[in-house]
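Below is one structure, written out as structure tokens; comments come after it.
The values are calculated or read from the model by the stated rules, or taken from the named source; none is laboratory data. Predicted model only: the values in this text are computed from it and were never measured. Virtual Cβ from ideal backbone geometry, glycine too; neighbours counted across all protein chains shown.
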């Protein structure tokens, strides 16, 4: 049994819904930036794609990290979440 088979279906569904929501957001914002703020400069589209890709990777890592943190005491969980949030926002 692989690591991905152990993940409950509700988490897989939540991950897909979150990624689909952000795909719509990043697509719309990239197209608006491409047409309005930087006309016909394709860097805006590539930037949106790279940001979406990084976000989906971080969302997956967040699920694994939260699943790992649940095993420990509350003080460690709170500290872990604060550190995780700091790393996430600095990276994004």
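Each row is one residue, and each column tells you yes or no for (1) touching a helix residue (DSSP H, G or I) at 6+ places or on another chain (Cβ under 9 Å); (2) surrounded by 12 or more Cβ atoms within 10 Å (Cβ to Cβ); (3) free of Cβ contacts under 8 Å to residues at least 12 places away in the same chain.
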{"residue": "59", "(1), (2), (3)": "yes, yes, no"}
{"residue": "69", "(1), (2), (3)": "yes, yes, no"}
{"residue": "73", "(1), (2), (3)": "no, no, yes"}
{"residue": "87", "(1), (2), (3)": "no, yes, yes"}
{"residue": "90", "(1), (2), (3)": "no, no, yes"}
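So is residue 26 assigned to a helix (DSSP H, G or I) and modelled with pLDDT under 85 or not? Answer is no for this residue. Kindly check whether there is at least one residue in region 37-52 that is under 23 Å from residue 87 (Cβ atoms), surrounded by 12 or more Cβ atoms within 10 Å (Cβ to Cβ) and touching a residue at least 24 places away in the same chain (Cβ under 8 Å). Among the residues of region 37-52, at least one is under 23 Å from residue 87 (Cβ atoms), surrounded by 12 or more Cβ atoms within 10 Å (Cβ to Cβ) and touching a residue at least 24 places away in the same chain (Cβ under 8 Å), which makes the answer yes. Take the conditions (1) in contact (Cβ under 8 Å) with a residue 24 or more places away in the chain; (2) loosely packed, with under 15 Cβ neighbours inside 10 Å; residue 18 misses just one of them, which is (2).
The single condition from (1) more than 11 Å from the chain's Cα centre (by Cα); (2) modelled with pLDDT of 90 or more that residue 33 fails is (2). Of all the residues in region 39-84, those that are over 21 Å from residue 7 (Cα atoms) and not in a helix (DSSP H, G or I) number 5.
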